[in-house]
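Undergrad: Have a look at this one.
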Amino acid sequence: MKKVAEKNESTAIFEHLADVVSLCSLTDKNNVCVQVNDWLSENSLPSPRSESWQNVSFEKLLSSDAWTTGVCLCKPIIIGGKVLVEPKTVLETDVSNIQNDASDPFFIFSQALVKEVYLIEIASSKNEVQNLEINWPVCECKDAKIKACEIKIKASGEGVSSVSIKEKLSSGIHFCSFTTEVSEKASLELSFLPEVDQTKEKKNIFFRWLTSKVNEGGSLSVRGVSTFSSWRREVFRTRLNESASVDVRLLPLVDSDCSSSLVADTFHADKKSTGTVMVRGMAASGGKMIAHVFSEIDRNASESTIKQEIRGLATEGNGRFFFKPHLRILTDNVVCTHAATFGPHAKEALEFLLKRGIPQKEAEELLTKAFFGPILEGFTLEEKEKVQSILKEL
Amino acid sequence: MLKVNNLCVQAGDHPILQGVSFEILPGELIVLTGENGSGKSTLCSVLSGGGELSVTADEMTFQNKDLQNMLSNERALQGLFVSSQEPVVIAGLSWRVFLQAALQERQKSLGEEPLEVSEINTKLEKLIELVRMPSETLDRGINEGHSGGEKKRMEMLQWLLFAPKLSVLDELDAGLDQTAKKQLAELIGKAKNSERSILVVSHDAAWADSLQADQKWTMQGGKLKKQA
């Protein structure tokens, strides 16, 4: 059971809410902040920056009608797979070395909101693939302005556990936190894909945390598409033990005047671990794409391999890109590569396609497909098709 | 087929082509040679369109249509093919996807129904064998990991696939081995007919001689000289 914030923490938490709203207002063209402020006002709550929050009891607030109508603590809907879903059970995963989000106001806020943690255990025997689908958030949440959910996934056995998280985002602020543990020799595949039919619904602010631990010989694959939000912040952190591997492939697709910020860290705690982080995204005019990839190879983690790659595609003139590939290597005998580039389509490539009779628009579409080709290699056929339809919508 | 009158090309203040005039008639095979930097590739580039050079001409028509008012893709769809001297690499875009798209654009411009994918694939399989490349190449990125000679073989494939009315083969022989060069010469001989013209640009005088061209031109200091 999550600890509900103490009374004296309420001020701090709502200051964080104020921070969220203030930060979002920098890029918010879709009036999310107005919606949040309206909701606060409708429920006789002070505005985010008001000093009156000093006098608001957090526990009282959580039990008030305002929260039950305004905040949805989402329950995931799970389809398929032999799984155990157990709310209020916390998976004890030692991720202390990497879970340094204690200073992240959004994370604290999310933790304070979430009262029920859903534990999903998947055990796949050798040569078996277990497919699991999580629909999030549930439809009853549609009127809530703030939606929060915390899910812990534990994969064991020597087979493959495949978890597909289908996001149906509506307007408001979403907090979504995952913790995963991959047992020895187990494989877990996680994919985060937005539903395509929500293309017109870009009025949300979205926060995601995925903190993972991969034990000896285990492997974790994370595939994510980030889009349809005014403002996004996503943090992916993985701790790797001996001979463990993680393959993170992320596609932030940032629409006009929207913002997406990604942090992907791998911590190589023991030898022969492999970490691959590929980020390929695009930003339309006025869009902002931030990607920080950090990998640390600890003293005992010799013979480890790291590959970092961040690439951005400017589909129109004014997309902004802020990339930081970062390595911290504390031992010898490791293989590390990192790269970061951004820009529009190569002029020579576009000219070549035009000279072969392909019109400008179609040529650009082909080059966009080509740009995402390498990152999509790790996606399933169904996921690839979904990405293509999202790209078409954008 | 192609008529060019007083073509001048400049890069900034530097003149590259100076008053170039010529005509290519239907069914003609012409060989153009010249030293490095004489302007041969600039001429090819101007014909295909695009680029950032300053181009002026009293006349530049292809099949009686003003070439200067046509975009690069429109020129290609009208039947003008200019091979790339330095083929571009496009990682992630497979030959098959690109060639299918290019063929379907041709169908569209002719007002015809799209081709069946199986029909296109059969064509591609035949041609890839003809240019002596492994069929798996079709599913690799454009020129990704290709050697210089392999890139030129894939240029050959495109040329054969599109069957253009006017082919401008800019040093298509460069980088090919002797067998492939001989094969290219044979294919050029076969491709030339009363409706199709070919302009071959080459540095290899002996190979160019073997083509039995109708005319031989040389480019020198941006000026075109026609040999008797």
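Undergrad: Return the subset of B:Lys190/B:Lys225; A:Lys361/A:Lys392; A:Lys213/A:Lys324 for which the Cα-Cα distance in this structure is over 18 Å, preserving the input order.
TA: Details: B:Lys190/B:Lys225 27 Å; A:Lys361/A:Lys392 12 Å; A:Lys213/A:Lys324 23 Å.
Flagged as over cut-off: B:Lys190/B:Lys225; A:Lys213/A:Lys324.
Undergrad: Here is a further query. Beyond 28 Å, how much of the Cα-Cα pair distribution for chain B remains, as a whole percent? Each step should come with its number before you reach the end.
TA: Numbers: 7670 of 25878 pairs.
Pairs farther apart than 28 Å: 30 percent.
Undergrad: For segment B:88-145, what does the equivalent ellipsoid look like in terms of its semi-axes, each the square root of 5 times an eigenvalue of the Cα gyration tensor, given largest first in whole Å? Intermediate values should be presented prior to the final figure.
TA: On the way: eigenvalues 91, 41, 14 Å².
For segment B:88-145, the semi-axes come out at 21, 14, 8 Å.
Undergrad: Could you work out the mean count of beta carbons from other protein chains within 10 Å of each residue's beta carbon in B:85-91? Kindly include the intermediate steps, with their values, before the conclusion.
TA: Working: counts 0, 1, 2, 9, 4, 12, 5.
If you average over the peptide's residues, the count of other-chain Cβ atoms is 5.
Undergrad: So how do B:94-101, A:245-252 stack up, highest first, on mean other-Cβ count within 10 Å?
TA: Values: B:94-101: 19.6, A:245-252: 23.4.
Packing order, densest peptide first, comes out as A:245-252, B:94-101.
Undergrad: With all pairs of different alpha carbon atoms counted, what Kirkwood hydrodynamic radius in Å does segment A:270-394 show? Provide the component values of the computation, followed by the final result.
TA: Working: mean 1/r = 0.0608 Å⁻¹.
Computed over Cα pairs of segment A:270-394, the Kirkwood hydrodynamic radius comes out at 16.4 Å.
Undergrad: Pull up all non-local amide H partners of A:Val254: gap of 5 or more, or a different chain, and H-to-H distance under 5 Å with H placed in the peptide plane.
TA: HN-HN under 5 Å from A:Val254: A:Met282, A:Ala283, A:Ala284.
Undergrad: What is the average number of partner chain Cβ atoms found within 10 Å of a Cβ in B:154-166? Don't skip to the answer; put the middle values down first.
TA: Values: counts 0, 0, 0, 0, 1, 0, 0, 1, 2, 0, 1, 0, 0.
Per-residue shielding by partner chains comes out at 0.
Undergrad: Rank-order B:67-74, A:206-213, A:282-289 by packing density, defined as the average count of other C-beta atoms within 10 Å over each peptide's residues, highest first. Don't skip to the answer; put the middle values down first.
TA: Working: B:67-74: 17.5, A:206-213: 23.8, A:282-289: 22.1.
Ranking the peptides B:67-74, A:206-213, A:282-289 by packing returns A:206-213, A:282-289, B:67-74.
Undergrad: Tell me, what ³J(HN,Hα) does each residue in segment B:207-220 have, in order and in whole Hz, if you take phi through Karplus 6.51 cos²θ - 1.76 cosθ + 1.60 with θ = phi - 60° and put x for Gly and Pro?
TA: The phi angles translate into 5, 4, 4, 5, 7, 6, 6, 6, 9, 10, 10, 10, 10, 9 Hz.
Undergrad: Pull up all non-local amide H partners of A:Val248: gap of 5 or more, or a different chain, and H-to-H distance under 5 Å with H placed in the peptide plane.
TA: A:Val222, A:Thr276, A:Val277, A:Met278
Undergrad: If B:His14, A:His174, A:His345 are ordered by their accessible area, calculated over protein heavy atoms with a 1.4 Å probe, which sequence runs from highest to lowest? Write out the running numbers ahead of the final one.
TA: On the way: B:His14 120, A:His174 0, A:His345 45 Å².
Heavy-atom accessible area, descending, gives B:His14, A:His345, A:His174.
Undergrad: Sort A:Asp298, B:Asp173, A:Asp257 by accessible area with a 1.4 Å probe, largest first. Intermediate values should be presented prior to the final figure.
TA: Working: A:Asp298 40, B:Asp173 5, A:Asp257 70 Å².
Of A:Asp298, B:Asp173, A:Asp257, the descending order of accessible area is A:Asp257, A:Asp298, B:Asp173.
Undergrad: Turning to a different aspect of this structure: Beta carbons within 10 angstrom, averaged per residue: use that to sort the peptides A:127-133, A:185-191, highest first. The partial results should precede the final answer.
TA: Numbers: A:127-133: 15.0, A:185-191: 22.4.
Peptide ranking by packing, descending: A:185-191, A:127-133.
Undergrad: Let me confirm one metric for peptide B:68-74, namely the mean number of other chain beta-carbon atoms within 10 Å of its residues' beta-carbons. Show your work: numbers first, answer last.
TA: Working: counts 0, 0, 0, 4, 12, 10, 3.
Per-residue shielding by partner chains comes out at 4.
Undergrad: Which one, B:Phe98, B:Leu115, B:Val88, projects farthest toward the positive side of the charge dipole computed for segment B:88-145 from Cβ point charges (K/R +1, D/E -1)?
TA: With unit charges placed on the Cβ atoms, the residue in question is B:Val88.
Undergrad: In addition: Quick one: divide the alpha-carbon radius of gyration of segment A:231-303 by 2.2 N^0.38 Å and tell me what you get.
TA: On the way: Rg = 14.6 Å, N = 73, 2.2 N^0.38 = 11.2 Å.
The value comes to 1.30.
Undergrad: Place a +1 charge on the Cβ of each Lys and Arg in chain B and a -1 charge on the Cβ of each Asp and Glu, then give the dipole magnitude about the Cα centre in debye, rounded to the nearest 20. Walk me through the intermediate numbers first.
TA: Working: 24 positive and 31 negative charges, 81 e Å.
It works out to roughly 400 debye.
Undergrad: Amide H to amide H under 5 Å from A:Ile153: which residues, 5+ apart in sequence or cross-chain, H placed 1.01 Å off N in plane?
TA: A:Ile120, A:Thr179, A:Thr180, A:Glu181
The values are calculated or read from the model by the stated rules, or taken from the named source; none is laboratory data. Since the model is a prediction, treat every value here as computed from it, not as a measurement. Note that we place each Cβ from the backbone using ideal geometry, even for glycine, and neighbour counts take in every protein chain shown. Calculation scope for accessible area: heavy atoms of the full protein, side chains included, ligands and nucleic acids excluded. Shrake-Rupley method; radii C 1.70, N 1.55, O 1.52, S 1.80 Å.
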